[in-house]
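Novice: Below is the structure I would like to discuss, written out as structure tokens.
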């Protein structure tokens, strides 16, 4: 095959690599945007293939496309959706803000595949029939994000929650020192602590699930500016129905195409929920790092699974690598949300013009959170060991247990006892025996850490 061939578009002739399945418009974009080397994400290309397939079927059903052409387009689009030709989508993410170049990239590749299979179709007139980049690209963002969230992120979060719940049940009776302000506080159980994390994940599952309701309302059918020019009014709903059939996810036509094309509010909303999830996962990861710290000079409450050597110079050092990786993922997702927020407000009149960068960052956030959540569950939470000796020693020497005596001896006497216990490094039980006159059995009952995790004791003060 020749190294190059000549392709033509409305602007004239252009050299295209001989083996390329795309045409002149794609090549112009490759030449115009040598910026980052980042191309559109795999899941976005999958969504483009699904949309082109659904549009071909809908147009054929409505009488706007020959059935033989529709069949050829569907076959080629399925191969694009499956990832067979990802190398034929070379356009940089930082391109025209509407993503027109990527839409035409898909149209050209699919048309080329159809022609190679014996059915000649036109990239604009047939593959892009009844469509505009201005409704295809926003729809591709939404479809790809919904599918990644539904197929990968939500199952990963469900797995993380299940893992947390199992460990919480296993450790429900193991009491430990609670901490507020990073300082000793009243005891809690590991089950309560992990149960709090599980509740955070449950709330995040609910937030993401709720955001997907808006993301499933697609602007496909609004074409250039939202009016639906050059498209059958029935096309948008028909494409949504076909997408639903293909993906088993319920998509529906947007109530207002102008909203879906001129704004990216649904994507911004989902990104905001992913940022909240990142905050939750950062908190959980940092708690694990603190609890694992040491093993001698830190808290030393748990021992995370040893996965790899921790230092190139200090033999025997092992680090909490999974929580650290998760923390970096969370930082990236929070940064991605800032980009998506800025891009989301960049809708001028009838079109948002930062669509490709929204796709890149939103899909990256979904992928990172899905992958890291499973790792956190399987390689950190499922396998950590509780260092019960350290836990018990810290509990026995925790003067804050005196809080349980507030209703018996009062806050001021309790504060004095706590200070004495701190100063002398003695268990609060010993100090209480000397200063309260209460019998040992009664004090042991009142100061029992496990009993104190159940609440129900009336104290005399509030605050951290």
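The values are calculated or read from the model by the stated rules, or taken from the named source; none is laboratory data. Owing to the predicted nature of the structure, the values given are computational and were not obtained by experimental measurement. No Cβ is skipped: glycine too gets one built from the backbone with ideal geometry, and neighbour counts run over all protein chains shown.
Novice: Give just the number: which of (1) in contact (Cβ under 8 Å) with a residue 40 or more places away in the chain; (2) surrounded by 15 or more Cβ atoms within 10 Å (Cβ to Cβ); (3) under 30 Å from residue 448 (Cα atoms) does residue 325 not satisfy?
Specialist: (3)
Novice: State all residues of segment 117-129 that are part of a helix (DSSP H, G or I) and closer than 11 Å to residue 103 by Cβ; if no residue qualifies, say none. Full working, then the answer.
Specialist: Narrowing segment 117-129 to residues part of a helix (DSSP H, G or I): 123-127.
Within segment 117-129, 123, 124, 127 qualify.
Novice: Cβ-Cβ under 9 Å, sequence separation 6+ or interchain: first residue in segment 169-198 and more than 21 Å from residue 448 (Cβ to Cβ), partner at pLDDT 95 or above and assigned to a strand (DSSP E or B). Which pairs?
Specialist: Cβ pairs passing all conditions: 196/188.
Novice: Look through segment 159-199, keep the residues that are more than 30 Å from residue 397 (Cβ to Cβ) and touching a helix residue (DSSP H, G or I) at 6+ places or on another chain (Cβ under 7 Å), and return whichever of them is surrounded by the most Cβ atoms within 10 Å (Cβ to Cβ).
Specialist: Across segment 159-199, the extreme among qualifying residues is 160.
Novice: Just to be sure I understand, how many residues within segment 380-393 are part of a helix (DSSP H, G or I) and buried (at least 18 other Cβ atoms within 10 Å of the Cβ)?
Specialist: The number of residues fulfilling the criteria is 4.
Novice: Continuing with the same structure: Going by the conditions given, is residue 358 surrounded by 20 or more Cβ atoms within 10 Å (Cβ to Cβ) and outside the structural domain of residue 165 (by TED's automatic domain parsing)?
Specialist: Here the answer is no, as residue 358 does not meet what is asked.
Novice: OK, next. Among the residues of segment 130-146, are any surrounded by fewer than 22 Cβ atoms within 10 Å (Cβ to Cβ), modelled with pLDDT of 95 or more and assigned to a helix (DSSP H, G or I)? Give the steps one after another, and end with the answer.
Specialist: Just the residues of segment 130-146 that are surrounded by fewer than 22 Cβ atoms within 10 Å (Cβ to Cβ), to begin with: none.
No; the residues of segment 130-146 include none that is surrounded by fewer than 22 Cβ atoms within 10 Å (Cβ to Cβ), modelled with pLDDT of 95 or more and assigned to a helix (DSSP H, G or I).
Novice: Among 38, 50, which is within 26 Å of residue 237 (Cβ to Cβ) and either within 34 Å of the chain's Cα centre (by Cα) or crowded, with 20+ Cβ neighbours inside 10 Å (or both)? Steps first, please.
Specialist: Working: 38 fails: within 26 Å of residue 237 (Cβ to Cβ).
Result: 50 is the single residue among 38, 50 that is within 26 Å of residue 237 (Cβ to Cβ) and either within 34 Å of the chain's Cα centre (by Cα) or crowded, with 20+ Cβ neighbours inside 10 Å (or both).
Novice: Then there's this: Please verify whether residue 75 is at pLDDT 95 or above, surrounded by fewer than 24 Cβ atoms within 10 Å (Cβ to Cβ) and in a helix (DSSP H, G or I), treating the condition exactly as stated.
Specialist: So residue 75 passes the test.
Novice: Further question on the same structure: Might you let me know whether segment 78-88 holds any residue that is buried (at least 23 other Cβ atoms within 10 Å of the Cβ) and in contact (Cβ under 8 Å) with a residue 40 or more places away in the chain?
Specialist: The answer is no, given that none of the residues of segment 78-88 is buried (at least 23 other Cβ atoms within 10 Å of the Cβ) and in contact (Cβ under 8 Å) with a residue 40 or more places away in the chain.
Novice: Moving on. Looking at segment 341-355, I want the residues that are without any contact (Cβ under 8 Å) to a residue 40 or more places away in the chain and have a partner that is in a loop (DSSP other than H, G, I, E, B) with Cβ atoms under 8 Å, at least 6 apart or on another chain. Which pairs are those?
Specialist: 342/354
Novice: Taking the conditions exactly as written (in contact (Cβ under 8 Å) with a residue 24 or more places away in the chain and either in a loop (DSSP other than H, G, I, E, B) or surrounded by fewer than 17 Cβ atoms within 10 Å (Cβ to Cβ) (or both)), does residue 98 satisfy them or not?
Specialist: yes
Novice: Mind checking which residues of segment 21-52 are in a loop (DSSP other than H, G, I, E, B) and more than 18 Å from residue 127 (Cα to Cα)? Can you show your working first?
Specialist: Pass one, segment 21-52, residues in a loop (DSSP other than H, G, I, E, B): 21-23, 33-38, 40-41.
Residues satisfying the conditions are 33, 34, 35, 36, 37, 38, 40, 41.
Novice: So, in segment 233-259, exactly how many residues are buried (at least 24 other Cβ atoms within 10 Å of the Cβ) and either on the phi > 0 side of the Ramachandran plot or in contact with a strand residue (DSSP E or B) (Cβ under 7 Å, 6 or more places away or on another chain) (or both)?
Specialist: 4
Novice: Within segment 385-416, track down each residue that is free of Cβ contacts under 8 Å to residues at least 24 places away in the same chain and within 42 Å of the chain's Cα centre (by Cα).
Specialist: Selection gives 389, 392, 393.
Novice: Also, I was wondering about something else. Please find, among 264, 220, the residue that is crowded, with 21+ Cβ neighbours inside 10 Å, closer than 25 Å to residue 332 by Cβ and more than 16 Å from the chain's Cα centre (by Cα).
Specialist: After applying the criteria, what remains is 264.
Novice: Also, I was wondering about something else. Of the residues 58, 70, only one is more than 29 Å from residue 343 (Cα to Cα), touching a residue at least 60 places away in the same chain (Cβ under 8 Å) and part of a helix (DSSP H, G or I); which?
Specialist: Sole residue among the options that is more than 29 Å from residue 343 (Cα to Cα), touching a residue at least 60 places away in the same chain (Cβ under 8 Å) and part of a helix (DSSP H, G or I): 58.
Novice: To continue, here is another question. So residue 230 fits all but one of (1) surrounded by 21 or more Cβ atoms within 10 Å (Cβ to Cβ); (2) closer than 21 Å to residue 64 by Cα; what number is the exception?
Specialist: (1)
Novice: Taking residue 121 as the residue in question, decide whether it is more than 17 Å from residue 31 (Cβ to Cβ), touching a residue at least 60 places away in the same chain (Cβ under 8 Å) and not assigned by TED's automatic domain parsing to the domain that holds residue 361.
Specialist: Values: more than 17 Å from residue 31 (Cβ to Cβ): yes; touching a residue at least 60 places away in the same chain (Cβ under 8 Å): no; not assigned by TED's automatic domain parsing to the domain that holds residue 361: yes.
Criteria not met by residue 121.
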